[in-house]
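What follows is a set of notes on a single structure, which appears directly below.
The values are calculated or read from the model by the stated rules, or taken from the named source; none is laboratory data. Because the structure is predicted, anything quoted here is derived from the model rather than measured. What goes into the accessible areas is simple: the full protein's heavy atoms, side chains included, and nothing from ligands, DNA or RNA. Shrake-Rupley method; radii C 1.70, N 1.55, O 1.52, S 1.80 Å.
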Amino acid sequence: TCPGPTTDPATLAAHYAGHHVLLMTSAVEGFPIAIMEAMANGAIPVATDVGAIREHVTPDTGFLLPSTDEAAIVEEAVRALTRLCQDADLRTRLGQQAFALAQKKFSIARFRTAYRELLLPP
């Protein structure tokens, strides 16, 4: 489903609670907030290897789709999704590791610390 934009944290959390995976097949990205949100809710990113996505989506936290050809991206995504559907342990492990990484790198406390370090150098 595509619920459209939301800024309400409870609505966003409820949406992610019903999903195990975020599939993103963008041709161009920086590092999308949607991936941060998905990981922070334990959803596993399956994403094209563009922009800075590879800095956070690793074999420990999700799947990178390395191809640039659309047909190959579809095949890679189907393989990743099939593997996740067939392996509950992998799904659990990747979801937990994605969540842990998000808590470490994308939490509001981490953001505030980084922002203060940027604006108020020692």
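For this structure, a couple of remarks:
- Computed over the alpha carbons of the stretch 35-105, Rg followed by Dmax gives 11.8, 35 Å.
- On full extension, the segment bounded by Arg110 and Asp87 gains 5.0 nm, given 0.36 nm per residue less the C-alpha separation.
- Projected onto planes of every orientation and averaged, the convex hull of the alpha-carbon atoms in the stretch 14-53 covers 2.5 nm².
- Equivalent ellipsoid semi-axes - Cα gyration tensor, the chain, angstrom: 25, 17, 15
- Per residue, the accessible area of the chain comes to 65 Å², computed with a 1.4 Å probe over protein heavy atoms only.
- Apportionment of accessible area to carbon and sulfur, the chain, percent (1.4 Å): 59
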